Amino acid sequence: MEKHKRIALTGFMGVGKSSVARHLSRILVCKRIDLDHYIERVTGRSIEEIFAADGEAAYRQIESDCLSSVLSGEDAAILSLGGGTWTIEMNREMLRERGVTTIWLESSFEHCWQNIRRSRKRRPLAQNKDAALRLFEERRSFYCLADWHFIIRPGLSSFDVARLIADEIFA
Ligand code: S3P
C-alpha cells in the first residue's frame, strides 16, 4: 500500500471493524491499530472502567487525545475506530486533516446486535437492545459523512469484506 495512504474503519458497534482491520492489515501487509485497544494500553484501564468511573464525556476526551497521538506518532496504515469516534466533529477534522480515508462499514442492526451479544467485549453503550437501536439510528447521519460506504451483505465474512475493500484500494 502507498506509504501515505491511511484508512480508518468506522461504523456501529459489532459491525466488525476490528476483524476487518485485522484481515486488511494481513492482506495489505501493513500495520494496524485498534483505537479501543490503544486507549486501554495507554490508560492501563478498560473502556468499561473509564466509563464507569469518569463517565462518557471524560472517555471522549481520552479517545480524542489517543486518536491525535495515533495520527501523529504511529505509522499504522489501518486504523479501526470505536463506534463513537467518528461522531465527534473534532475527530472527523483530525482524520481529514491527516488525509485519512474513512470507510463506513454498514450492516443491519440485527447483525450488529448478534455480534454485540456474542462478543466478550464489554460495551457500556450497548447494555440493552432498545438503547443500542436508538444509538444505531442516531448515528447514521454521522457515519454517512465517511469517504466511502461499504454495505456488508448477509453471508459476507470479515475476510470477504477485507478482500473486497483491498481490491477497491488497488483498483
Ligand atoms: C463505543 C464503541 C466501542 C468503544 C466504546 C464506545 C461507541 O467500540 O469505543 O465502548 O460509542 O459506539 P466498538 O465500536 O469497537 O464496540
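Where a number appears in this text, it was derived from the coordinates with a stated rule and is not lab data. Every value quoted in this text rests on a predicted model; they were computed, and no experiment measured them. With ideal geometry, Cβ positions are generated from the backbone for all residues, glycine too; neighbour counts draw on all protein chains shown.
Remark: TRP86 falls outside the filter, which requires a residue to be in contact with a Leu (Cβ under 9 Å, 6 or more places away or on another chain) and more than 22 Å from GLY55 (Cα to Cα). Suppose the filter is among the charged types (D, E, K, R), away from the ligand (no atom under 12 Å from the Cβ), under 17 Å from the mean Cα position of the chain (by Cα) and surrounded by fewer than 20 Cβ atoms within 10 Å (Cβ to Cβ); does GLU40 pass it? Criteria not met by GLU40. Examine segment 56-68 for a residue that is in a helix (DSSP H, G or I), out of contact with any helix residue (DSSP H, G or I) (no Cβ under 9 Å at 6 or more places or on another chain) and away from the ligand (no atom under 15 Å from the Cβ), and state whether such a residue exists. No. Checking ARG140, ARG120, ARG163, ARG96 one by one, the residue that is assigned to a helix (DSSP H, G or I), of a type in the set (Lys, Arg) and either touching a strand residue (DSSP E or B) at 6+ places or on another chain (Cβ under 7 Å) or closer than 26 Å to GLU48 by Cβ (or both) is ARG140 and no other.
Could you list, in sequence order, all residues of segment 75-93 that are near the ligand (Cβ under 9 Å from one of its atoms) and in a loop (DSSP other than H, G, I, E, B)? Once the filter is applied, which keeps residues that are near the ligand (Cβ under 9 Å from one of its atoms) and in a loop (DSSP other than H, G, I, E, B), segment 75-93 yields LEU81, GLY82, GLY83, GLY84. In this structure, does ARG118 turn out to be exposed (fewer than 12 other Cβ atoms within 10 Å of the Cβ), without any contact (Cβ under 8 Å) to a residue 40 or more places away in the chain and within 16 Å of SER18 (Cβ to Cβ)? So ARG118 fits the description; yes. Total residues in segment 90-123 satisfying the condition of being among the charged types (D, E, K, R) and over 25 Å from GLN61 (Cβ atoms): the figure is 5.
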